[in-house]
Amino acid sequence: MRRLLTLAALLAPMPALAHEGGAHVHGFMAGFVHPIGGLDHVLAMVAVGLWAGLLGGRALWALPAGFLALWALPAGFLAAMTLGFGLGAAGLGLPMVEAGILASVIILGALVAASARVSLALAVPLVALFGLLHGHAHGTELAGAGAFPYAAGFLIATALLHGLGVFGALAITNRVVVRLAGGAMAALMLAVAAI
């Protein structure tokens, strides 16, 4: 437990530092590394993939429901993330972005931990809301030209993190391990929030 708290304390500044407005970043590589550079982004994006894998994994061969669940959550997150990026890059504010990003990890982790079977009509808008907030944080990082390469970079990195989560949920046959990973994600962000 002490190691977990130490790790959380070391990583606590990351979410706040990852979203300082006007950081003057641009280009594909800056966009690609942005999601990877923030623990909050990494955990949320992997959790989306884990939850999608849990929702679609069991029913995957009962097409189209299983296949749709497997990819609908990542697609909803990415689409809303693109919109959020546009809003942030245009300087249009959204309320409580940082709190929402933190909450996204806690909620998504809890949904994975519970192996929540939620209809896509509810799951996709929830995930999209979180994608909007994460995208807005990325958009506020942008300064000057280079919006397209920057956006392409973070969208590709995000899709890879989603894919990692989906693959993990499908490859790990013991669902308890996947659920424990979700619980650990939520617990870690709760510890970061408490610091």
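What follows is calculated from the coordinates using simple rules that are stated; it is not laboratory data. What you see is a predicted model, and the numbers here were worked out from it, not measured in a lab. Every residue, glycine among them, receives a Cβ derived from its backbone with ideal geometry; neighbour counts consider all protein chains shown.
Under 1.5 on a/c is rounded, so check that first for segment 95-135, then, if it is not, pick prolate when a/b is larger than b/c and oblate when it is not; a ≥ b ≥ c are the square roots of the alpha carbon gyration tensor eigenvalues.
oblate
Taking the Cα-to-Cβ direction at ALA90 and at ILE156 and moving 7 Å from each Cα, how far apart do the two end points lie in nm?
Reported label-point gap for ALA90 and ILE156 is 2.6 nm.
For segment 63-120, count the residues as N, evaluate 2.2 N^0.38 Å, and divide the Cα radius of gyration by that value, please. If you can, show how the numbers build up before the last one.
Working: Rg = 14.1 Å, N = 58, 2.2 N^0.38 = 10.3 Å.
Relative to the rule-of-thumb radius for its length, segment 63-120 sits at 1.37.
Viscosity 1.567 mPa s, temperature 4 °C: what is the translational diffusion coefficient of segment 109-185 from Stokes-Einstein with a Kirkwood Rh over Cα pairs, rounded to a whole number of µm²/s? Please list the in-between numbers first.
Numbers: Rh = 14.4 Å.
It diffuses with D of about 90 µm²/s by this estimate.
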